[in-house]
Amino acid sequence: MAMATHLLRNGSTFWLRRTKPIALSRCLHLTSCLDKKVAFNLSDIGEGIREVTVKEWFVKVGDTVEQFDNLCEVQSDKASVTITSRYDGKITKIFHSIDELALVGKPLLEFEVADEEEDNDDTSSDSSSSSSSSSESDVEKQQAAADGGRIITPATPAVRRLAKEHQLDLAKVTPTGKNGRVLKGDVLEFLGQVPPGTNVPHPSNVAKQTAASAPVAVASASPPPKVAPADRVEVLKGVRKAMLKSMSESLKIPHFAYSDEIDMSKLIQFRTQLQAAAAEQGVPKLTFMPFCIKAASIALSKYPIVNSSLDLASESIVYKGSHNISVAIDTPQGLVVPNIKNCQAKNIIEIAKDLNALVERGRTGSLTPADFADGTFSLSNIGIVGGTYTHPCIMAPQVAIGAMGRTKAVPRFNDRDEVIKAHIMSVSWSADHRVIDGVTMASFSNVWKQHLEQPALFMLH
């Protein structure tokens, strides 16, 4: 038998004429080229993933599997995916061990499949032979249709057996296999046992369907495509350019946050009583902001470290004598933060006049560099926009900032446990934790809160 194999491979014709046919048949069955093995490649699982880690194998060499049987579980940097089989056959080789990397498009396993299920697209010879067999199959189908004969749908015996069990005509099933072959998944999808779209059509089928649907596509009028708006590039300038620089410096500061609630009910009544006197002194509308600024100045006098700056070069703290309180103002050019100078020496009406002047200059774009210089502490009123809580960013070289939220009417209990209507405003503080600790910031906030909840205390300053 070994000699017969040798003579076959070396083209001996003399021996072939004198050898019995049965011996020749045995020699041919020993030829390795008739092994029907298919490499199972790792397909693209989306999200731009190019490699995965094999976490678990559900099969081993020698196992027999069917289509849609679980083969292994792989892990990408985004998700875990279970890989299922596309073939009915026997596993002859596993290319990767657990925790090894597997590349998309490279073999995971090797299958030994039946002749009817062989679907190897890796070599040019297979592609050419499949093209010729496809052409021959199409010719046979056309001849059979012309002669009124039966059209045979390509399918494996296992698929035909499955269709017979369900009394299903394979001609009614949309094929996704190579050259129009009906796969097991196609039958299961037709029967509703797997979700629609589970089976991806083979490229040879996609080409045929595209060619067949081309005339219809040309005939039907497609709607004009929607043009997406173009991107716009804008160079930073003015306020936005200054904000880029200041906020970049701000985020270098280790922020500490502290929040509290203020009962503004008494201050609302107190402000109403002062409206007429304020109008006589040149303040037509007295807002809550002058009260918040003056209360902050009083608290800064008790806790001067909140009105300081940090000198990193000399590792020292600079305590500021003046209370130049910066106030965030919304202008047509953007949010700006000028400051009111020497608040410690001014009363509420004087602070209100300075604040109104800054707001007017901001709206007309006439603020000067002197309006922004030498700020020592900041307040921001986000409540006029509608927010409740925030986490404001400290403006270097300052070490603290406060932001007031919207005042809301809510139910509260009084001293006699009666439910009353209360006007509550939230405040959020941010402090430089390199300089200010939590107890200091809380104590500062309590002094500020005390003056707003008991506005008669302003008469002492």
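The values are calculated or read from the model by the stated rules, or taken from the named source; none is laboratory data. These figures come from a predicted structure and were not determined experimentally. Quick reminder, even Gly has a Cβ in these numbers, built from the backbone with ideal geometry, and neighbours come from all protein chains shown. When the accessible area is computed, the model is the full protein with side chains, heavy atoms only, and any ligands, DNA or RNA have been set aside. Shrake-Rupley method; radii C 1.70, N 1.55, O 1.52, S 1.80 Å.
Looking at this model, which pairs from Lys252/Lys346; Lys266/Lys449; Lys266/Lys341 are more than 24 angstrom apart at the alpha-carbon? Don't skip to the answer; put the middle values down first.
Values: Lys252/Lys346 34 Å; Lys266/Lys449 12 Å; Lys266/Lys341 28 Å.
From the list (Lys252/Lys346; Lys266/Lys449; Lys266/Lys341), the Cα-Cα distance tops 24 Å for Lys252/Lys346; Lys266/Lys341.
Pull up the cross-link candidates among the lysines for Lys245, meaning alpha carbon to alpha carbon under 20 Å and not fewer than 8 places away within one chain.
Lys237
For segment 241-459, what does the equivalent ellipsoid look like in terms of its semi-axes, each the square root of 5 times an eigenvalue of the Cα gyration tensor, given largest first in whole Å?
Numbers: eigenvalues 149, 96, 55 Å².
Ellipsoid semi-axes (Å, largest first): 27, 22, 17.
Going by amide H atoms built from the backbone, whose H comes under 5 Å of the H on Val399, apart from near neighbours?
Those lying under 5 Å, H to H, from Val399 are Ser308.
If I histogram all Cα-Cα distances within segment 36-113 using bins 5 Å wide from 0, what percent of pairs lands in each bin?
With 5 Å bins starting at 0, P(r) equals 3, 17, 30, 26, 16, 6, 2, 0.
To make sure I understand the rule: partners must be lysines, Cα under 17 Å from the Cα of Lys36, and not fewer than 8 residues away in the same chain. Which ones qualify?
Lys90, Lys93, Lys178
Compare the Cα positions of Leu310, Ala345, Leu251 along the charge dipole of segment 241-459 (+1 at Cβ of Lys, Arg; -1 at Cβ of Asp, Glu; about the Cα centre) and return the one farthest towards the positive end.
Positive-end residue among those listed: Ala345.
Once you list every other residue whose beta carbon is under 12 Å from the beta carbon of Gln333, what net charge do they have if Lys and Arg are +1 and Asp and Glu are -1?
Here the count lands on +4.
How large is the accessible surface of Val385 in square angstrom, using a 1.4 angstrom probe and rounding to the nearest 10?
130
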